[in-house]
Amino acid sequence: MRITFISPFPDVYSFGVRSLSATARAAGHDTRILFVTQEFTQPYSAKVVDQVVELCRDSDLVGVSLMSNFWDNSVALTEAVRKRLNIPVAWGGIHPTVRPEECLRVADYVTVGEAEESFVGLLGALGSGHSVPGVRARGQKGFERAAPPENLDSLAQPDFDLEHHFVLVGERMLPMTPELLRQRTEGIYLTIPSRGCPFDCIYCCNVFLNKEFPENKKVRHKSMRRLVDELETALNRLPVFNRIKFDDDAFFSLPYEEIAEFSLDYKRRIGLPLVVTGVTPSTVRRDKLEALVEAGLVEVRMGIESASESMRKEYKRPQTERKVQQAAALLNDFRDKLIPYYDMIIDNPWESDESLVESLRFLARLPQPFEVIMYSLTFYPGTDVYDRAVAEGLVRDDIEDVYRKYYHSFRRTYLNALFDVLMHYAHWNERIPIRSLDFASRPEVRNNPFAWIIPKLLKGRLRLKLKRRGQGGAAAKPPHSEPAVAEFSAQPSPVS
Ligand code: B12
Ligand code: SF4
């Protein structure tokens, strides 16, 4: 059977699709992957849709992977394929997992949860009318869930066979080449050593997964040997990668012995700079850091989200302020070799200004160097914040209020402008004057309509400092892998 997968994300990592494609190939099917790389805020042009349809023409099944934000573009491609080719389309990924009924209004099949086994089951049963655990079909009554794979080592290595991959370049779908892969990944090989998460942060889809799949609470890891084997296979096949990235909330929760085993093997067989994202402060430990830094760890990304104790409790973040400080201090001990990125959430309609000020003051006192990445709280379906936002009328239309919301577009408030300033100072490794920040965040100051001048002055000060350092580019955006915070200083910010 021939299956064409569509990845509508702007990046070409698409780990879920690569895993499914490899599994289907191992089961004897022929697959193709189309990386139709575009930001979800931009609709596909008719020219792009036409080419995608052409590349799907000889398929028995088309599979689309999506997160909620990619709804519009996934609908556009699916409708074009179904109408023009009359080929069945299956959807999978986190959005169809959380919202199967909604997705079945557009797709013929939806997989719920991790789908290596159920997808191959679907291929075997296609057209037979037989039901397959983990798969929902249009009009089908009843549904049997499929448990996620227990042993990650038993899964096929992700599909990196470029011969059957295509990627959107400008307005053209071109065959993937090693050079295009290098450009699109920026030389980063991304993988996910574990699946599952024991926590239930109220803004994360794990809340849903933990309810729907109680097995998800137990973290399943690939063995360290298998993980390094995977990296080695990818590097040998494609010498385009110069950095490895684990997008994994649970990597630091591995026992020290396993991390030490991994580190030795990684250093010997891979030896490339390593990035670990999704670090939780409660799992950061000196011995683990020492081993990983020795192996090549150069960057970690840790979720702080809020420095206010009450907010963290509300978010169900499993850490105290002391733990966060300890973790930051530990990371700072490795500052010559390691740069930490701290994630923060703003634009929470239930968060008070006092709580935001706590975060600002906390960040301003953290040991440098570090980078800050801000996220605008988004109410993804299946999360607790979504339920509350719907109940309170903050979300009236899922598509408009959630799927189309850009998570890096921030409300133009005075306190957000201060976060922006702080982020710039941190990026340039300059300390924001703590007394100025404390003054700027006092209630009587922040409620003054002229207060917006303060963030501008602070940015001006930074520019001057950088000029003196011979780096006149303070106006430049920090080179984060994510789009930088909106330019608050471009216009006066209303006072919140
Ligand atoms: C790795 C990851 C990324 C990577 C790679 C994303 C990519 N293009 O693949 C990066 C860092 C780029 C990323 C970015 C974003 N991410 Co992200 N990411 C993850 C993470 C941590 C793991 C996903 C993963 O690969 N898991 C392992 C694979 C094997 O699982 P999977 O992808 O779910 O795939 C399985 C099934 O879903 C299914 N499946 C998947 N695709 C298909 C297709 C078909 C046809 C079928 C049948 C089945 C199927 O089978 C797969 C194999 O079992 C999840 C957390 C989570 N628990 O899922 C968040 C998560 C998916 N991300 C999320 C978000 C919001 C984002 C962002 C949109 C914004 C942000 N805040 O970061 C950005 C922007 C994306 C973009 N590129 O524009 C949300 C999605 C919420 C939602 N409802 O949409 C999640 C769930 C985290 C959360 N906050 O709850 N992310
Ligand atoms: S620790 Fe990370 S993956 Fe786990 S629930 Fe919280 S945000 Fe989600």
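Quick notes on this structure:
- For Y342, distant residues with modelled amide H under 5 Å away: M302, E371, V372, I373
- Helices in the chain, meaning DSSP H runs of at least 4 residues, each add -39500 (n - 2.57). Divided by all residues, the mean residue ellipticity at 222 nm is -11500 deg cm²/dmol.
- Using a 4.7 Å Cβ-Cβ cutoff, the cysteines of the chain lacking any partner cysteine are C56, C103, C197, C205.
- Look at the dipole of the chain built from charges on Cβ: of Y341, F160, L466, the Cα furthest out on the positive end belongs to L466.
- Remark: region 1-89 is approximated by an ellipsoid whose semi-axes, taken from the C-alpha gyration tensor as √(5λ), come to 20, 16, 10 Å, largest first.
- Loop-located trypsin sites (Lys or Arg not before Pro) in region 381-420 (DSSP state not H, G, I, E or B) with no more than 12 neighbouring Cβ atoms inside 10 Å: R396.
- In terms of its C-alpha gyration tensor, the chain has a prolate overall shape, because the principal axis ratio a/c (a ≥ b ≥ c, square roots of the eigenvalues) is not below 1.5 and a/b outweighs b/c.
- DSSP beta bridge pairing in region 175-490, given as percent antiparallel to the nearest 5: 10
- In a DSSP loop and with at most 16 other Cβ atoms within 10 Å, the GluC sites (Glu not before Pro) in region 120-205 are E144, E150, E171, E186.
- L238, L297, L66, L174 arranged by Cβ crowding within 10 Å, fewest neighbours leading: L174, L238, L297, L66
- Under the combined filter of DSSP loop state and at most 16 neighbouring Cβ atoms within 10 Å, region 186-258 retains these trypsin sites (Lys or Arg not before Pro): K218.
- Unit charges on C-beta of K, R, D, E only; dipole of the chain, Debye: 1380
- Relative contact order %, the chain, counting alpha carbon pairs below 8 Å whose residues are six or more apart: 10
- Each Lys and Arg contributes +1 and each Asp and Glu -1, all at the Cβ; summed about the Cα centre of region 2-172, the dipole is approximately 580 debye.
- Flagged links, alpha-carbon separation over 19 Å, of K218/K245; K267/K337; K47/K405; K47/K83: K218/K245; K47/K405
- Proxy reagent accessibility, fewest Cβ within 10 Å first, across L458, L464, L162: L464, L162, L458
Laboratory data are not the source of any read-out in this text; all were calculated from the coordinates shown. What you see is a predicted model; the values in this text were computed from it and never measured. Every residue, glycine among them, receives a Cβ derived from its backbone with ideal geometry; neighbour counts consider all protein chains shown.
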